[in-house]
Amino acid sequence: MAAFGAILGVACRTTLSGKSREGVRRDTPCALSRGEVEITLRRGEGDVHDGVAERHQQLGHTDDSLPVLLLSHGHGNLNYVASMHGYNPLVDFFASHGFVVIQPTHLNSKTLGLDPTGPEGPLFWRTRARDLRFILDHLDEIAAAVPGLTGRIDPNRIAALGHSAGGQTVDMLLGQTAHDPAADNELVNEKDDRVKVGVVLAAAGGGADLSDAGKQRFAWAATVDFSDMTTPTLVMVGDDDVNPMFSSRPDWRADSYILAPGPKSLVTFIGGKHSFGGVSGYDVSETTDPSTERVSVVQRLAAAYIHSVLDHDPELWTAAANAATRTEAPLVRIENK
């Protein structure tokens, strides 16, 4: 049985003993179950003393039109980072800034113990995109499982963010297509117009420059096509993120920007590696370039880009991009098209 969980953080205010209390996540079973899929929600309640989660922005009980952020984790070698338990620097930031953050555990996660040698393994690339679409199909039921959230989600303000394999998953929702050699070269198109904007971090590039080893292991990845990826997208890469296992081309991970039509923006981290300073978790061992400064830039630029699209205010992105690049020692270069 395919199973995935979702972590849902909502920055909302509850009043206990006369003061605002926000934060600790606890596992809360949800009655939502549809055939192959089960969902577990984790919601915020109470004070934070153990550092599990923290909510800074306070939203009133009547605030509505909350935007949704789908967050797709990567693959990686660690057990819990590549699951609903990872990416807390991003989950906590966006939830504390008023987003409903929903994070599935995809089938490639080691926490599920599934056979990585099956038809879709080891990445379960097709199922990952369907996980996100299933969540969108059941937003009302997810909201109903969280006290005080019913009727407050704005279905027209949905964003998706993914890192590494999660970036490729988000690319699929934004319009990237591929052919599946395991299914008679069936065209796989999971584009979902409900997702209005995407942010992809260190996603895989095009098949033309995929290494021979990459083509052998991920035959479908040699067929990816960005020509229909028309959804506004912020692409983030590190200029020192080169893995010959996938491609020796230095800017290969920027193909979501290079090969896709606009509107797109590209943020290149100078000296940046695959982890962007540590977006996948607090002090996790797989971080290649630990830097709280880089993580902060990812957070702020991603939020500005998402809001510029969802709120129809391009000046938000212009201002954030200028602030990030017009400094004495900028961490990033930014391009737009």
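The values are calculated or read from the model by the stated rules, or taken from the named source; none is laboratory data. Nothing here was measured: the structure is a model prediction, and the numbers come from that model. Cβ sites come from the backbone with ideal geometry, for glycine too, and all protein chains shown count toward neighbours.
Using the structure shown, decide if residue 116 is surrounded by fewer than 24 Cβ atoms within 10 Å (Cβ to Cβ), touching an Asp or Glu at 6+ places or on another chain (Cβ under 9 Å) and not aromatic (Phe, Trp, Tyr).
So residue 116 fails the test.
Is there a residue in the stretch 122-134 that is among the β-branched types (Val, Ile, Thr) and under 17 Å from residue 305 (Cα atoms)?
No, the stretch 122-134 has no match at all.
Taking the conditions exactly as written (hydroxyl-bearing (Ser, Thr, Tyr), surrounded by fewer than 24 Cβ atoms within 10 Å (Cβ to Cβ) and under 12 Å from the mean Cα position of the chain (by Cα)), does residue 72 satisfy them or not?
No: the conditions fail for residue 72.
So, residue 103, is that one more than 12 Å from the chain's Cα centre (by Cα) and among the polar types (S, T, N, Q) or not?
In short, no.
Residue check: is residue 172 buried (at least 24 other Cβ atoms within 10 Å of the Cβ), in contact (Cβ under 8 Å) with a residue 40 or more places away in the chain, part of a helix (DSSP H, G or I) and not β-branched (Val, Ile, Thr)?
Answer is yes for this residue.
Output the number of residues of the stretch 115-132 satisfying the condition of being among the aliphatic types (A, V, I, L, M), under 28 Å from residue 146 (Cβ atoms) and either over 12 Å from the mean Cα position of the chain (by Cα) or part of a loop (DSSP other than H, G, I, E, B) (or both).
Residues that pass the stated criteria total 0.
Among the residues of the stretch 153-168, are any part of a loop (DSSP other than H, G, I, E, B), buried (at least 20 other Cβ atoms within 10 Å of the Cβ) and touching a residue at least 24 places away in the same chain (Cβ under 8 Å)?
yes
Go through the stretch 133-152 and give me each residue that's out of contact with any strand residue (DSSP E or B) (no Cβ under 8 Å at 6 or more places or on another chain) and either in a strand (DSSP E or B) or closer than 30 Å to residue 295 by Cα (or both).
Passing the criteria: only 133.
The conditions are (1) more than 20 Å from residue 101 (Cα to Cα); (2) modelled with pLDDT of 95 or more, and residue 287 fails exactly one of them. Which is it?
Failed condition: (2).
Just to be sure before I move on: is residue 192 at pLDDT 90 or above and in contact with a helix residue (DSSP H, G or I) (Cβ under 7 Å, 6 or more places away or on another chain) in the structure I sent?
Details: at pLDDT 90 or above: yes; in contact with a helix residue (DSSP H, G or I) (Cβ under 7 Å, 6 or more places away or on another chain): yes.
Spelling it out, residue 192 is indeed at pLDDT 90 or above and in contact with a helix residue (DSSP H, G or I) (Cβ under 7 Å, 6 or more places away or on another chain).
Of all residues in the stretch 247-306 being assigned to a loop (DSSP other than H, G, I, E, B) and among the polar types (S, T, N, Q), which is surrounded by the fewest Cβ atoms within 10 Å (Cβ to Cβ)?
Here the residue is 285.
From (1) surrounded by 20 or more Cβ atoms within 10 Å (Cβ to Cβ); (2) outside any helix (DSSP H, G or I), pick out the condition that doesn't hold for residue 328.
Going through (1) surrounded by 20 or more Cβ atoms within 10 Å (Cβ to Cβ); (2) outside any helix (DSSP H, G or I) one by one, residue 328 breaks only (1).
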